[in-house]
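Taken together, the values in this text are just the output of simple stated rules run on the coordinates, not laboratory data. It should be emphasised that the depicted structure is a prediction, and the values quoted were computed from it without experimental measurement. Ideal geometry is used to build each Cβ from the backbone, glycine not excepted, and the neighbour counts take in all protein chains shown.
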Amino acid sequence: MGVEGLIDALHVSVVGFVAILIAMVIGATVQGTVGFGQNLVVVPVVALLVPEALPAALVFAGTPITIAMAVREHHGIDRRGLAWMTAGRVPGTLAGLVIVATLSASALGALAGGVVLVAAVASAIAPPLPATAPAALVAGTASGVFGT
């Protein structure tokens, strides 16, 4: 199967495929530079063009860069904070799965777009939070819900 066959199988136009590819490159660059942001860039594009690809395609696409960043920056990992975040991530992911299974593709796309807008505004106006165990637990839970 060539590239055209793959694009046809994805049910997306060549222009849509290129738009997603560009968004992934920009998102990966942002993620690799500041440590987050790939999904903030990519989710709106995918939600508009191929909403049924959410969330699996982005989880699959984001895993290699996450692993590479962890290997490269292993000395900077806050293991205690990571434990609290993981403790929140697991139930958050389960909640996210329920949301994904419950909502239609169009509703999921609208929700994803809304969450990105709220997150952008919150990151601009919210005061910095101290790195405490409860904050890490809440961050992990939110990561699980919105990352799924």
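Starting at the first residue of the range 95-107, write each ³J(HN,Hα) from the Karplus equation 6.51 cos²θ - 1.76 cosθ + 1.60 with θ = phi - 60°, in whole Hz, x for Gly and Pro.
Using θ = phi - 60°, the values come out as 5, x, 5, 4, 4, 4, 6, 8, 7, 6, 4, 5, 5 Hz.
So what are the ³J(HN,Hα) numbers for the range 108-119, from phi and the Karplus equation (6.51, -1.76, 1.60; θ = phi - 60°), rounded to whole Hz, Gly and Pro as x?
5, x, 5, 4, 4, x, x, 5, 4, 5, 4, 5
Mind checking which of Ala53, Gly81, Thr63 is farthest towards the positive end of the chain's charge dipole, using Cβ charges of +1 (Lys, Arg) and -1 (Asp, Glu) about the Cα centre?
So the residue furthest toward the plus end is Gly81.
Which whole-Hz couplings ³J(HN,Hα) result when phi for each residue of the range 122-137 is put into the Karplus expression 6.51 cos²θ - 1.76 cosθ + 1.60, θ = phi - 60°, listed in order with x for Gly and Pro?
Result, rounded to whole Hz: 4, 5, 7, 10, 6, x, x, 9, x, 7, 10, 4, x, 5, 5, 5.
Where the only charges are on Cβ atoms (+1 Lys, Arg; -1 Asp, Glu), what is the dipole of the chain about its Cα centre, to the nearest 20 debye? Walk me through the numbers on the way to the answer.
Details: 4 positive and 5 negative charges, 95 e Å.
Taking the Cα centre of the chain as origin, the dipole is about 460 debye.
Just need the relative contact order of the chain here, percent rounded to a whole number, with Cα pairs under 8 Å and 6+ apart.
Values: 137 pairs, mean separation 42.2, N = 148.
Over the chain, the number comes to 29 percent.
Lys/Arg Cβ at +1, Asp/Glu Cβ at -1, dipole of the chain taken about the Cα centre: which of Ala133, Val14, Val116 is farthest positive-ward?
Of the candidates, Ala133 comes out farthest on the positive side.
For Leu103, list long-range residues whose amide hydrogen, built 1.01 Å from N in the peptide plane, is under 5 Å from its own amide hydrogen.
Sorted by chain and number, the residues that satisfy this come to none at all.
Sort the range 1-77 into rounded, prolate or oblate with this rule: let a ≥ b ≥ c be the square roots of the eigenvalues of the Cα gyration tensor; rounded if a/c is under 1.5, and if a/c is not under 1.5, prolate when a/b is larger than b/c, oblate otherwise. Don't jump to the answer; show the numbers that get you there.
Values: a/c = 2.50, a/b = 2.07, b/c = 1.21.
Prolate, because a/c is 1.5 or more and a/b exceeds b/c.
From the helices alone, meaning DSSP H stretches of at least four residues, give me the mean residue ellipticity at 222 nm for the chain, per-run term -39500 (n - 2.57), in deg cm²/dmol to the nearest 500. Each step should come with its number before you reach the end.
Values: 7 runs with 117 residues, N = 148.
Helix contribution divided over all residues of the chain: -26500 deg cm²/dmol.
Let me check the size of the range 78-148 from its C-alpha atoms; what are the radius of gyration and Dmax in Å?
Answer for the range 78-148, Rg first and Dmax second: 13.4, 38 Å.
Translational diffusion coefficient, Stokes-Einstein: compute it for the chain using the Kirkwood radius over C-alpha pairs as Rh, at 25 °C and 0.890 mPa s, and state it as an integer in µm² s⁻¹. All intermediate terms of the calculation are to be shown ahead of the outcome.
Numbers: Rh = 16.5 Å.
D, rounded to a whole number, is 148 µm²/s.
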